[in-house]
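The values are calculated or read from the model by the stated rules, or taken from the named source; none is laboratory data. Just so it is clear, the model here is predicted, and its values are computed rather than measured. All Cβ positions, glycine included, derive from the backbone under ideal geometry; neighbour counts span all protein chains shown.
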Amino acid sequence: MKSINRLASTPTLAGSPARQTGRAPSLTMRSALRWVPLDCSFAYPASGSLADRLWASYAITVTGLDVPTVSGAINAVQPVARARVTIRVPPAGDPKTTTEAVVAFLRQVAPWGVRVSFNDHVLGSGFLADTGGVARSALNRAMERAYGRSPRDVGAGGSIPLVSTLVRQFPAASILLFGAEDDDASIHAPNERVVIDELRRTITTEALFLQEYGSAPF
C-alpha cells in the first residue's frame with residue numbers, strides 16, 4: 001500500500017476496491033482546485049472523471065520548464081527549450097512501454113522540424129494494495145481503535161517504486177506503509193504540515209497493529 005492517511009476525519013487506506021475495478025472515487029474539478037486560482041466554469045480537456053484521470057488511468061504533467069524569463073525575453077525564435085515531464089502510470093501499466101509511447105508521440109508532433117531529445121529517464125512501477133489478508137485485517141482493527149471509527153479505502157495518485165520491487169521479490173509479504181496525512185496536509189508542497197493529533201493517532205495505530213497482528217490466528 002502506498003500510504004495510510006486520513007480524509008475528512010476518517011481513517012483511510014490507499015489502494016481501494018475502486019481501483020481494482022478501474023474506477024476511482026468521485027471527485028470534482030471544483031473541489032480539487034479549491035485552492036488554485038483557476039476558472040472552474042469551463043470544460044477541461046480529456047475524458048472521464050477527474051478522479052479516474054488522477055488515480056485510475058494515465059496522466060502527464062509538465063513539472064518544470066527552462067525557457068527565457070520575461071525580463072530576459074527578446075523578439076526572436078528561441079534556439080532551445082527544456083522541460084521535465086512526469087508520466088503517471090497506473091498499477092497495471094508498464095512504465096517502460098508508456099515512456100516509449102510518449103517519447104514517440106512527442107517526436108511525431110514536434111513542429112517546424114524541431115529536433116527533440118530525451119534523457120534522465122527515471123522509471124517506477126505503480127502498486128495496487130491488497131484489501132484482504134491477516135495483516136490488513138489487523139490493521140483495520142488497529143485503525144478503528146485508534147480513530148474511533150472504521151477505516152475506508154481511497155485511491156491515491158503516485159506511488160513509491162520500492163514497493164513494487166518488494167512485491168516482486170517477496171510476493172507472499174503484506175506491504176503496509178504508514179503516513180501521517182490529513183486532508184489539508186499539502187504533502188510535498190512548500191507549506192506541508194502535520195497535525196499533531198494525526199501524528200499521535202498514526203503512532204497509536206502502529207502500536208495497536210503490532211498487538212493485533214501478534215495475536216491474530218494464522
Condition (residue is assigned to a helix (DSSP H, G or I), loosely packed, with under 11 Cβ neighbours inside 10 Å and either modelled with pLDDT under 90 or of a type outside the set (A, V, I, L, M) (or both)) applied to region 84-103: is it met by at least one residue? yes
Does any residue of region 110-129 turn out to be of a type in the set (Phe, Trp, Tyr), touching a strand residue (DSSP E or B) at 6+ places or on another chain (Cβ under 8 Å) and surrounded by 11 or more Cβ atoms within 10 Å (Cβ to Cβ)? no
Test each condition in (1) modelled with pLDDT under 85; (2) in a helix (DSSP H, G or I) for GLY126 and report the one that comes out false. (2)
Taking the criterion of being touching a Ser or Thr at 6+ places or on another chain (Cβ under 9 Å) and within 26 Å of LEU177 (Cβ to Cβ), would at least one residue in region 61-83 satisfy it? yes
Those helices (runs of 4 or more DSSP H) lying entirely in region 134-218 with at least 3 residues modelled with pLDDT under 95 and closer than 30 Å to ILE60 by Cβ: 161-169
Flag if VAL80 is part of a loop (DSSP other than H, G, I, E, B) and either under 17 Å from ILE60 (Cα atoms) or without any contact (Cβ under 8 Å) to a residue 60 or more places away in the chain (or both): yes
Could you please find all residues in region 64-77 being farther than 21 Å from ASP120 by Cβ and exposed (fewer than 10 other Cβ atoms within 10 Å of the Cβ)? THR69, VAL70, SER71, GLY72, ILE74, ASN75, ALA76, VAL77
Which ones in region 104-115 are over 21 Å from ALA59 (Cα atoms) and assigned to a loop (DSSP other than H, G, I, E, B)? VAL114, ARG115
Odd one out for ARG88, checked against (1) in contact with a strand residue (DSSP E or B) (Cβ under 8 Å, 6 or more places away or on another chain); (2) closer than 17 Å to ASP120 by Cβ; (3) of a type in the set (Lys, Arg): (2)
